[in-house]
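Undergrad: Quick one: this structure, given as structure tokens, is what I'll be asking you about.
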Amino acid sequence: MTVDPPNWKWIQPLGNSSTPPFRVDAKIGALVWSLLLIGVGVTALAYSSDWFVDGAAVLADRLSVPPLVIGTLVIGLGTSLPEVFVSTMAAVRGDLNLGIGNIVGSNTANLTLVLGIAAMIALVRAESAIVRREAPLMLGACVLMAALAWRKLTLTGGLILLTGLAGYLMLTFWLARRSRNDLLIRDVEEYTEVESRYPIWMEVGRTLIGLVGTLVAAQMLVVGALGVADRLGWSGGFVGLTLVAVGTSLPELAASIQAVRRHEDELLVGNLVGSNILNSLLVGGLVGVVGRGAAPTSDVLHRGMLVMVVSLAAVTLLMATRARFGRTSGVILASVYLASAVALGTR
């Protein structure tokens, strides 16, 4: 799917047909078109992925999938779907900087900007034993992805990440049989009970519509982002770390705001942790497989990886100690993301 900008070379002034048309610079017209694609793509991503998450979670519940699997895998996969499509499409197009930058930027945004905004709305607790157990796994997955992608994310590196994903899936299903009364399970059961309000055929319908909508919106976002990078002279790595990463993190933000308003703290944190694991192992693995072993060429991407590892290590430590994220913590986390984005843009 290729979306070409319209021909905006000449524009006739409104209200006066006798006035000669004025010329619009082709670069400005193309930039406006790229920004329009990004805006429409980001908006469509937020709505379509939300449909997919809600529909898939309810369908999984009706198929008797364990709540733990729904909370960490189904919902996590749903909110990570934009990253899957955007990064994979970018890699297929040969822009590995954008593909990896989106993964790194989204991982960072999830546990700084998204968690910070949620904590500003209401107190967020991380008391689930499952979440505290998976947080170090998340950090390990992110570090592994960054290490493999530092020089060149090859086919072998992609297969290593996908193998790690297979191990994570087996661990999750094994834990699902042993965990019965965890706080995360309670939050997932409440969530599926609230969302389960349509007949099964409508749930299938909104899941499929959400899937297709996310695919189309991701394509628009990739085309628009590459257009902006080309017109403004920005690297694909910087665009992926910031603009695209925030756009693909909107589903996590929407789900987190919804969860914190329902006081489903463990579901909120579990979704962010699960999303980061899937971003690193699933999306990183796919980028390695389809990216033909291209090497990242953007220095800002390496700095972004360091920011990701340091920030995620700090938040993981707080989760392991059952820290509570209040308004002050939320402001600090969001400020860390904004400050790092500004620093990454400074050459």
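Undergrad: Filter region 191-203 down to the residues that are exposed (fewer than 15 other Cβ atoms within 10 Å of the Cβ) and modelled with pLDDT of 80 or more and list them by number.
TA: Correct list: PRO199, ILE200, TRP201, MET202.
Undergrad: Can you tell me how many residues in region 82-140 are over 21 Å from ASP50 (Cβ atoms), surrounded by fewer than 24 Cβ atoms within 10 Å (Cβ to Cβ) and among the small types (Gly, Ala, Ser)?
TA: Summing the residues that are over 21 Å from ASP50 (Cβ atoms), surrounded by fewer than 24 Cβ atoms within 10 Å (Cβ to Cβ) and among the small types (Gly, Ala, Ser) in region 82-140 gives 3.
Undergrad: Moving on to the next point. Give me the pairs: first residue in region 176-190 and farther than 15 Å from HIS263 by Cβ and modelled with pLDDT of 70 or more, second residue in a helix (DSSP H, G or I) and not aliphatic (A, V, I, L, M), beta-carbon distance under 7 Å, and six or more apart or on different chains, which are they?
TA: Cβ pairs passing all conditions: ILE185/PRO67.
Undergrad: Quick check: anything in region 214-235 over 24 Å from VAL42 (Cα atoms), aromatic (Phe, Trp, Tyr) and at pLDDT below 80?
TA: No, that holds for no residue.
Residues are listed down the side, and each one gets a yes or a no for (1) more than 21 Å from LEU98 (Cβ to Cβ); (2) crowded, with 24+ Cβ neighbours inside 10 Å; (3) in contact with a Pro (Cβ under 7 Å, 6 or more places away or on another chain); (4) not basic (Lys, Arg):
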| site | (1), (2), (3), (4) |
| --- | --- |
| ARG303 | no, no, no, no |
| LEU317 | yes, no, no, yes |
| THR321 | yes, no, no, yes |
| ARG327 | yes, no, no, no |
| SER340 | no, yes, no, yes |
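Undergrad: Here is a further query. List the pairs whose first member sits in region 143-168 and is in contact (Cβ under 8 Å) with a residue 24 or more places away in the chain and part of a helix (DSSP H, G or I), whose second member is small (Gly, Ala, Ser) and surrounded by fewer than 22 Cβ atoms within 10 Å (Cβ to Cβ), and whose Cβ atoms are under 6 Å apart, counting only residues at least 6 apart or on separate chains?
TA: Partner pairs satisfying both residue conditions: none exist.
Undergrad: Do we have SER48 as surrounded by fewer than 20 Cβ atoms within 10 Å (Cβ to Cβ), of a type in the set (Ser, Thr, Tyr) and more than 17 Å from LEU278 (Cα to Cα) here?
TA: No, not satisfied.
Undergrad: Any idea how many residues of region 215-265 are charged (D, E, K, R) and within 13 Å of ILE75 (Cα to Cα)?
TA: The total comes to 1.
Undergrad: Within region 126-140, can you find the residues that are over 13 Å from GLU264 (Cβ atoms) and not β-branched (Val, Ile, Thr)?
TA: Scanning region 126-140 gives ALA129, ARG132, ARG133, GLU134, ALA135, PRO136, LEU137, MET138, LEU139, GLY140.
Undergrad: Looking at (1) among the β-branched types (Val, Ile, Thr); (2) closer than 18 Å to GLY105 by Cβ; (3) modelled with pLDDT of 80 or more, which one does VAL260 not meet, given that it meets all the others?
TA: (2)
Undergrad: Could you tell me whether region 146-153 includes any residue that is more than 20 Å from GLY94 (Cα to Cα) and at pLDDT 85 or above?
TA: Yes, region 146-153 has at least one match.
The values are calculated or read from the model by the stated rules, or taken from the named source; none is laboratory data. Computed from a predicted model, the values in this text were never measured in an experiment. Backbone-built Cβ (ideal geometry, glycine too); neighbour counts: all protein chains shown.
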